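Shown next, in structure tokens, is the structure this report addresses.
The values are calculated or read from the model by the stated rules, or taken from the named source; none is laboratory data. As the structure is a computational prediction, the values presented were derived from the model and not from experiment. All Cβ positions, even for glycine, are placed from backbone atoms using ideal geometry, and neighbour counts span all protein chains on display. Surface areas here come from the heavy atoms of the whole protein model, side chains and all, with no ligands, DNA or RNA. Shrake-Rupley method; radii C 1.70, N 1.55, O 1.52, S 1.80 Å.
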Amino acid sequence: MKAIVIGAGIGGLAAAAALKDQGWTVRVLERSPALEPVGSGLAVMPNALRALDVLGVGDRVRALAAFAGDGGIRRPDGAWLSRTSAEAAAERFGDPTVVIPRATLVGLLRDLLDPAEIRLGVAVGSASPGGTVATAAGEESADLVVAADGIGSAVRAALFPGRPGPRPTGLTAWRLLTADPRESGAASETWGRGLVFGVNPLADGRVYCYATAPARPGTAAPDERRELLRLFGSWHDPIPDLLRQADPATILRNDISSLPRPLPALHRGRIVLLGDAAHPMTPNLGQGACQAIEDAVVLAHEVTKGGGPAGYTGARLARTAMVMAKSRRISRLTRLDDPLRVALRDAAMRAAGRLGPNVVLRQAAPVVDWNPPA
């Protein structure tokens, strides 16, 4: 059986590796002349670690990643709104959440494939439900076409032309890797009035930071570090120092979009949608890449031993719709900027936090407490 995978991001590489492991002949087509731009970090939660175990790289990820320690959500002045226990989470879910440079995870997945199985600089013009993929070099047929072509998926738009595509949320996001001048090793996410800033230490001594703020789509600043310091420079330590250490040339910025409602299916004929092409979501749960990795191992199982592409839709559609909805609800909370509503939100979070980490774990369980198919 032959599969063509469109897109060599984390989801596409994971899908190709999972299918190859099940005996499929795979070919990955990537329009970029190099693998996806890297330069940020990634939280890999227990559900995705279990999927990576299926691919045989889970232990390598654990060895190269930083284990997320105790953390929680803070106010801009540094006061804690809620705390989380890494030990309790690992005991509850069987694994910790780990943080790893995106480039490292891409490299581990790429190494599961032969160089000849990845073709760079190949743009796909179209893909048909019959399994035909057209490129500048001609047409190629396969038993399965995996569209992992990202949030702006042309394949998704062609398969479901009457459905609305991803819509801007009115938020923009920054991601960066920087040195930790204080070597504090503390992880946190801080919520202000419509603003969010996250700090996640990495195993190599650097820190992965991310931030979100309201912005018109397409907005950019001449100096993104200066813009971040304008928004977050008065927040609690170590945020200002982390930003001052950052290289402005390496700061990534992109507008946040998400699908307003789930697709009716994740397949049409021999084509399946995977990752951001299937269920683009806000980043608030840190589940974008995690769900793509889940998709990959479930897809390989269903098309080899299960119900085929329809079985993949049956196994993934409801779950990914649930994760999308949960992430969207959190996004709405972070966007509050009215002082009274922010005060009420913060008070509710403090009250829930006093009940202990079990409250947070129960809320996370539907997302994190997942196991791949046997």
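Among all the aspartates and glutamates, which ones have a C-alpha under 19 Å from LYS326's C-alpha, if same-chain residues fewer than 8 places away are not counted?
Partners found: GLU189, ASP276, GLU294, ASP295, ASP346, ASP369.
From the protein chains alone at 1.4 Å, what is the descending order of accessible area for TYR208, TYR312, largest first?
Result of the area sort, largest leading: TYR208, TYR312.
Using θ = phi - 60° and the Karplus curve 6.51 cos²θ - 1.76 cosθ + 1.60, what whole-Hz ³J(HN,Hα) does each residue of region 269-281 get, with Gly and Pro shown as x?
Here the 3J(HN,Hα) series is x, 8, 9, 10, 9, 9, x, 5, 5, 9, 8, x, 10 Hz.
Quick one: pull the percentage of alpha-carbon pairs in region 1-122 with a separation above 24 Å.
Looking at region 1-122, the distances longer than 24 Å represent 38 percent of pairs.
Can you tell me the 0 to 90 degree angle between the C-alpha axis of helix 339-353 and the longest principal axis of the chain, rounded to 10?
Approximately 80 degrees, to the nearest ten.
Using the alpha-carbon atoms, what tilt in degrees (0 to 90, nearest 10) does helix 10-21 show relative to the longest principal axis of the chain?
Helix 10-21 sits at roughly 40 degrees to that axis.
Which order do peptides 325-333, 268-276 fall in by mean Cβ count within 10 Å, highest first?
Details: 325-333: 15.9, 268-276: 25.9.
Descending mean neighbour count gives 268-276, 325-333.
Keeping all protein chains in position, work out how much accessible area LYS2 exposes to a 1.4 Å probe, and write it in Å² to the nearest 10.
Rounded to the nearest 10, the figure is 60 Å².
Tell me the angle of helix 46-55 to the major Cα principal axis of the chain, expressed in degrees between 0 and 90 and rounded to the nearest ten.
Compared with the principal axis, the helix lies near 30 degrees.
So what does LEU55 come to for accessible area, using a 1.4 Å probe and Å² rounded to 10?
For LEU55, the solvent-accessible surface is approximately 20 Å².
Restricting to the chain, what percent of DSSP beta bridges are antiparallel, rounded to 5?
75 percent
Could I get the Rg over Rh figure for the chain? Both from C-alpha atoms, Rh via Kirkwood, rounded to two places. All intermediate terms of the calculation are to be shown ahead of the outcome.
On the way: Rg = 20.4 Å, Rh = 21.2 Å.
Reported Rg/Rh, Kirkwood definition of Rh: 0.96.
Among the lysines, which have Cα under 21 Å from the Cα of LYS305 when same-chain residues fewer than 8 positions away are ignored?
In chain and number order, the partners are LYS2, LYS20.
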